[in-house]
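Peer 1: I have a structure I would like to understand better, so I am pasting it below and will then ask my questions one at a time.
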Amino acid sequence: MKKHNFSAGPCILPQSVLEKASQAILNFDNLDLSLIEISHRSKSFVSVMERAQELALEHLGLQDKGYKALFLQGGASMEFLMVAYNLLEKKAGYLDTGTWSAKAIKEAKLFGDIEVIASSKEENYNNIPTGFTVPSGLDYLHITSNNTIFGTQMNDFPETDCPLVCDMSSDIFSRVLDFSKFDLIYAGAQKNMGPAGTTLVVVKEAILGKVSRVIPSMLDYKVHISKDSMFNTPPVFAVYVSMLTLEWLKEQGGVAAIEQKNNEKAELLYNEIDRNPLFKGFVVNKKDRSKMNVTFTIENDALKDTFDTMCAEAGINGLNGHRSVGGYRASIYNALPIESVQVVVNVMQELEKKA
Ligand SMILES: Cc1ncc(COP(=O)(O)O)c(C=O)c1O
């Protein structure tokens, strides 16, 4: 039987997607050839790329609004520097809300002046900072909508007079937002979209072409746009599985329908964390709690081994917290069924009875 997969990324994907992807490895599009042995310029693959781009924009409600969807390589980490390469002329603002934000800041500092507008680093990133003002005249403001490691998520997005850039790697396609507030969104595929190997970049074309530096072709969003993400050989398998997952999302009723399910899953687990005296949530303010990565600790360390054994026996995988936080992290991405969350809750309740 398949395990209950709470991995933070790469992570659970819909079973139907895995089955279709396996089939395509053997015989893609009735070509009697594998998906990974045909040309990326073939009609069959070009349709995959086009469909993936179209679905990404559709799910975000950004069709016909001046945005392009790109499937690039190098992970979200490559976007830490590509964003700065393409947009930073003098000064950009960053919100420092976790390890990934900090890494984005480090890379951007190679290209210009960076102002950290607010940070929760001193509190080990257990909250989303509030009460800050964004100065005017920045080249862009960079934020991270969901902090995968610490389990915090932004619900209010700052108003700016500059382009708003968002790393949505761990919550893209999980909830309805007004995505037109963002000028550039990027996300590594390996959470809600597909396997590792491709990164979705959704960018408003009008913000590009404003920096004076020369940009190497592979790092230039305009080059990738002009070649429809085919400037070089794209990661065909990752793009194909992303397309299948975006189709699956559409079959589920789209982002609005999946958001409801995500809310139910998060509520079920957070209610148990709050109710059960053996557990404690990591995030201080309830309003900052992530609906994708639920972080918690066990109050009595002596119970940890028993809990771990019980989890393993129940077929639970990937519940360990990140080494910088400790404790537990349940990543409850789009494809994770509520039944899996219920299994964790049951184990938490059994532990309470035993303790
Ligand atoms: C929010 C966030 N940003 C960036 C990254 C880095 O992604 P990648 O490993 O694709 O470079 C991750 C990885 O987990 C992440 O969760």
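Peer 1: Can you list the strands (runs of 3 or more DSSP E) found entirely within the stretch 99-173 that contain at least 2 residues being within 27 Å of Gly194 (Cβ to Cβ) and within 16 Å of the ligand (Cβ to nearest atom)?
Peer 2: Counting at least 2 such residues, we get 141-144, 164-167.
Peer 1: Turning to a different aspect of this structure: For the stretch 1-17, check the following and say yes or no: at least one residue is within 16 Å of the ligand (Cβ to nearest atom) and open to solvent by 50 Å² or more (accessible area, probe 1.4 Å).
Peer 2: Checked the stretch 1-17: at least one residue is within 16 Å of the ligand (Cβ to nearest atom) and open to solvent by 50 Å² or more (accessible area, probe 1.4 Å).
Table: residues versus (1) surrounded by 12 or more Cβ atoms within 10 Å (Cβ to Cβ); (2) under 12 Å from Arg329 (Cα atoms); (3) among the aliphatic types (A, V, I, L, M).
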position: Asn271; (1), (2), (3): no, no, no
position: Arg275; (1), (2), (3): yes, no, no
position: Val284; (1), (2), (3): yes, no, yes
position: Met292; (1), (2), (3): yes, yes, yes
position: Phe296; (1), (2), (3): yes, yes, no
position: Ala302; (1), (2), (3): no, no, yes
position: Thr306; (1), (2), (3): yes, no, no
position: Cys311; (1), (2), (3): yes, no, no
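Peer 1: If you don't mind, there's one more thing I want to ask. Would you check if Lys43 is more than 16 Å from the ligand (Cβ to nearest atom), under 24 Å from the mean Cα position of the chain (by Cα) and open to solvent by 20 Å² or more (accessible area, probe 1.4 Å)?
Peer 2: Here the answer is no, as Lys43 does not meet what is asked.
Peer 1: Right, something else. Return the residues of the stretch 18-29 that are under 21 Å from Gln252 (Cα atoms) and either open to solvent by 90 Å² or more (accessible area, probe 1.4 Å) or touching a helix residue (DSSP H, G or I) at 6+ places or on another chain (Cβ under 7 Å) (or both); say none if nothing qualifies.
Peer 2: Glu19, Lys20, Ala21
Peer 1: Going through the stretch 68-118 one residue at a time, which ones are open to solvent by 30 Å² or more (accessible area, probe 1.4 Å), in contact (Cβ under 8 Å) with a residue 40 or more places away in the chain and β-branched (Val, Ile, Thr)?
Peer 2: Thr99
Peer 1: Mind checking whether some residue in the stretch 201-212 is more than 16 Å from the ligand (Cβ to nearest atom) and either free of Cβ contacts under 8 Å to residues at least 60 places away in the same chain or surrounded by 24 or more Cβ atoms within 10 Å (Cβ to Cβ) (or both)?
Peer 2: yes
Peer 1: If you don't mind, there's one more thing I want to ask. Scan the stretch 190-200 residue by residue and report those that are within 8 Å of the ligand (Cβ to nearest atom) and touching a Ser or Thr at 6+ places or on another chain (Cβ under 7 Å).
Peer 2: Across the stretch 190-200, the qualifying residue is only Lys191.
Peer 1: What tally of residues in the stretch 119-136 results from selecting those that are hydrophobic (A, V, I, L, M, F, W, C) and either open to solvent by 50 Å² or more (accessible area, probe 1.4 Å) or closer than 19 Å to Lys90 by Cα (or both)?
Peer 2: So the count comes out to 2.
The values are calculated or read from the model by the stated rules, or taken from the named source; none is laboratory data. Since the structure is predicted, the reported quantities are computational estimates derived from the model, not experimental observations. Neighbour counts are summed over all protein chains in view; Cβ atoms, including those assigned to glycine, are modelled from backbone coordinates with ideal geometry. The protein model used for the area step is the full one, side chains on, heavy atoms only, and it has no ligands, DNA or RNA in it. Shrake-Rupley method; radii C 1.70, N 1.55, O 1.52, S 1.80 Å.
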